[in-house]
Amino acid sequence: MSGLALETRALSKAFGALAVSQDINFKLEAGARHALIGPNGAGKTTFVNLVTGVFAPTSGRIFLGDEDVTTMPQARRVKRGLVRTFQISALFRKLTVLENVTLTISEREGVANDLFRPAGARRALIEEAYSLLEPLGLAAEALRPVSELAYGRQRMVEIAMALALKPKVLLLDEPAAGVPTTESATLVDMIEKLPKDIAVLFIEHDMELVFRVAKRITVLVQGAVLVEGTPAQIAGDPRVREVYLGERKHT
């Protein structure tokens, strides 16, 4: 193994004459906590769509570990351990928290059609689901319908469902979007408690969350990598302050 969980090489995407991703060379280390930031329209979501297989690149390659997945369909990438959550939660709101996670596990195991057999036949699925809820602080809400949960708690259920797919790489698309400020600390704590063997890449506009959680940050501007470095390096980079944090050079 290369020690890399995910890598892109000269990854580019154009829609006609419009280039939205330009020669992106990116490396996500195994077990990393890595943030992808940039101003609106920087190409962050397009990059994630390329990595996950929503879009086919115009040129360049994508590797999951040592495996070239550039042309691999989305579903097969998930099976290989590349899992994404979305900016807008997609949950079964009428089902309980436990049922949502159990259903995800049953899909992973290919037994979803047998989910509603007698409870004894699916005990292992339920026990695994409950074991995922406990470290995320969701066990007490396991039997509550998702619709009754605050939005921030729903985002955590979505992450529990992502973990149920046994990811090697977890892509979090704006995990703090719509989460009240009062719950952001809980979200940070939850991300920090994710298993250390999972590489986490998150897109986020909440800079407090980014600088608290990320060990490495990549800044995209106009579809290209502007700079990558540690939080301290990014915070001190004048190019980042100019294009992302709104500061302007004095003349």
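Just so you know, all these numbers are worked out from the coordinates, no wet-lab data involved. Quick caveat, the model's predicted, so the values are computed rather than measured. For neighbour counting, all protein chains shown are included, and Cβ atoms are generated from backbone atoms with ideal geometry for every residue, glycine included.
Can you order the peptides 199-212, 222-235 by their average number of other Cβ atoms within 10 Å per residue, highest first?
Most protected by this proxy first, the peptides run 199-212, 222-235.
Along the charge dipole of the range 4-243, Cβ charges K/R +1 and D/E -1, which of Val227, Val188, Val210 sits furthest on the positive end?
Val227
Report, in order of residue number, the helices in the chain meeting two criteria: a C-alpha extent of 18 Å or more along the helix axis, and a mean Kyte-Doolittle hydropathy of at least -1.0; treat each whole DSSP H run as one helix.
97-109, 151-164
Suppose every Lys and Arg Cβ carries +1 and every Asp and Glu Cβ carries -1, with no other charges. What dipole size does the range 42-112 come out with about its Cα centre, to the nearest 20 debye?
200 debye
Which whole number of Å³ per residue matches the convex hull of the alpha-carbon atoms in the range 1-76?
Looking at the range 1-76, the number lands at 92 Å³ per residue.
Arranged by the count of other C-beta atoms within 10 angstrom, fewest first, what order do Ser106, Ser21 take?
Listed from fewest to most nearby Cβ atoms, that is Ser106, Ser21.
What size of dipole, in debye to the nearest 20, comes out for the chain about its Cα centre when the only charges are +1 on Lys and Arg C-beta atoms and -1 on Asp and Glu C-beta atoms?
360 debye
Treating only the Cβ of Lys, Arg, Asp and Glu as charged (+1, +1, -1, -1), what charge dipole size does the range 132-251 show about its Cα centre? Round to the nearest 20 debye.
320 debye
For Cα pairs less than 8 Å apart in space and 6+ apart in sequence, what is the mean separation divided by the residue count of the chain, i.e. the relative contact order in percent?
That works out to 27 percent.
Under a 5 Å amide H to amide H cut-off, with H placed in plane at 1.01 Å, what residues pair with Ala14 once short-range neighbours are removed?
Under 5 Å from the amide H of Ala14: Val20, Thr58.
Give, as ranges by residue number, the residues of the range 30-60 whose backbone N falls under 20 Å from the point 7 Å along Cα→Cβ of Glu192.
31-36
Taking a spot 7 Å from the Cα of Arg61 along the direction of its beta carbon, which residues of the range 23-40 have an amide N less than 16 Å from it?
Within reach of a label on Arg61: 23-28.
Checking the a/c ratio against 1.5 first, then a/b against b/c, what shape does the Cα gyration tensor give for the range 121-208?
oblate
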